[in-house]
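The block underneath contains the structure these notes are about, expressed in structure tokens.
Where a number appears in this text, it was derived from the coordinates with a stated rule and is not lab data. Being a predicted model, the structure only gives us computed values, none of them experimental. Glycine gets a Cβ as well: all are built from the backbone with ideal geometry, and neighbour counts include every protein chain shown.
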Amino acid sequence: MRRYKSLSFFCGDNLIFAGIQFLFWAGFGTLFVFITGYMESLHFGSVRIGVVRAVGAVGGIIGSMFWGAIADKRGKIGTITLAILIGGIVTALPFSVAGGRLLPFILIFFMALFLLFPIITLLDSWITQVAHLNPVVSYGITRAIGSLGFACAVTFAGGGFDRYGIDKIFLVYAAIFTLLIPLIALQTRRTQHRLAGVKKPATAPGRTVTADQSGSPLLNQPLRSFFSICTVMLVCFSAAVTFLPLLASAVGGSHRDVGLAFSVMAISEVPVMMCSAVLLRRFRDTRIIFLSCLFFAFRVASHLLAYTPTLLIAVQPLQAGCFGLFIPAAVSLCNRISRRSNRVRSLALLNIIIFGISSTISGLIGGWFIALFGIRGMYAIISIIVLIPVFLYWRLFIAGHHPARRRLSKKQLSY
């Protein structure tokens, strides 16, 4: 089986999912990375930028729980993904009309993330669903292709925006997302065909739930501890990434430098994510997550050393040990200790913490810190705070006897 999987990555499901991940993260990355620079061009201050990103993140949080609940209830992940993607494309039109008016801009950005942000969770759940039906499907490799798409988009977009104007951001992300429509429609049809030939099992084959199944998976002990620690850690990390364009501007960088920094950041994740299945077979997901916590702490603090655009770009490969390790291991952990009937919502909450709650809090607090202490003062403060969740994770999941420490079996491993 191992030889079969290694030789058969180029099957239809993997190729289509890889294409979907590539295009989605290319479009989402264009919006996520350059929206701060666009707001800066509209003369929004750091506090206004923080408020806009925070409100947008709230839209992503609400959207993830809303669409995740529908996906858990109806099970038509592909159809739901296609519908909200089309809605997200439509939101590109009003941005140019809003201009520098704060309230319309906030409302449009809220709606854009309400529709686009949940696609991250839906893709994670969709790929793991198909992986149960087709063992050749690899979450780690397809997600790595997504990071590659992110890197390619921000690299070329940065130079393009310097030349043609950053106001073209909405046209670019809408065009990229439009290319996604036929791929998602095709994979939806393939998935429905596979599911039609399979009887729905009462429980997942070989899956042992270590969490308490008597209550909501969002309230059981392992997930509650894990999500709480991750929230604090990722707030610090999100602040470092959200205000990276402002740091680049402070050290004399351009939009091209910002795009290159995010490109290096994303490319560094690719080789680690491609090895995620091997790593998860050899090591516990909890230990892999702890290693990523150490990288997160070092990565946040490394920005204090960036006094030139070149140095700012040079510290970005540390991302390999951050999200490159964290995302596959965290998906593994959530998939392992959550109830099957609520798995989409568990993954939704994970993505809400990674991209939603962390962005909301970091946008508000980070903007306030910058207003009070300056951009470097903000980085100094979050470099200290991030050490707290790293210690707590080590105390609970590594040094302690936490129920989530049980190793994932080969039958449970589906990426």
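Summary of values
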read-out	value
Fewest-first sequence of 11, 293, 152 by Cβ atoms within 10 Å of each Cβ	11, 152, 293
Per-residue [θ]222 nm for the chain (sum of -39500 (n - 2.57) over DSSP H runs n ≥ 4, rounded to 500)	-25000 deg cm²/dmol
Qualifying chymotrypsin sites (Phe, Trp or Tyr not before Pro) in the range 256-326, DSSP loop, other Cβ atoms within 10 Å at most 16	283, 307
Value of relative contact order over the range 1-118, rounded to a whole percent, pairs C-alpha under 8 Å and six or more apart	35 percent
Electrostatic dipole magnitude of the chain [Cβ: Lys, Arg +1; Asp, Glu -1; Cα centre; debye, to 20]	1880 debye
Cut-off 17 Å, label 7 Å out along Cα→Cβ of residue 98, residues of the range 39-77 by amide N	39-63
Gain upon complete extension [residue 90, residue 287; 0.36 nm per residue less C-alpha separation]	66.7 nm
For the chain, the longest site-free run once trypsin sites (Lys or Arg not before Pro) in DSSP loop states with at most 12 other Cβ atoms within 10 Å are removed	200-409
Exposure proxy order (Cβ contacts within 10 Å, fewest to most) of 105, 243	105, 243
Efficiency of FRET between residue 254 and residue 178 - r from beta-carbon atoms, R0 22 angstrom, step 0.05	0.20
Extension gain, residue 298 back to residue 310 (0.36 nm per residue minus Cα-Cα distance, nm)	2.5 nm
Ranking of 72, 167 by count of other Cβ atoms within 10 Å, fewest first	167, 72
GNM result for the chain, Cα springs below 10 Å: residue of 183, 305, 102 fluctuating most strongly	305
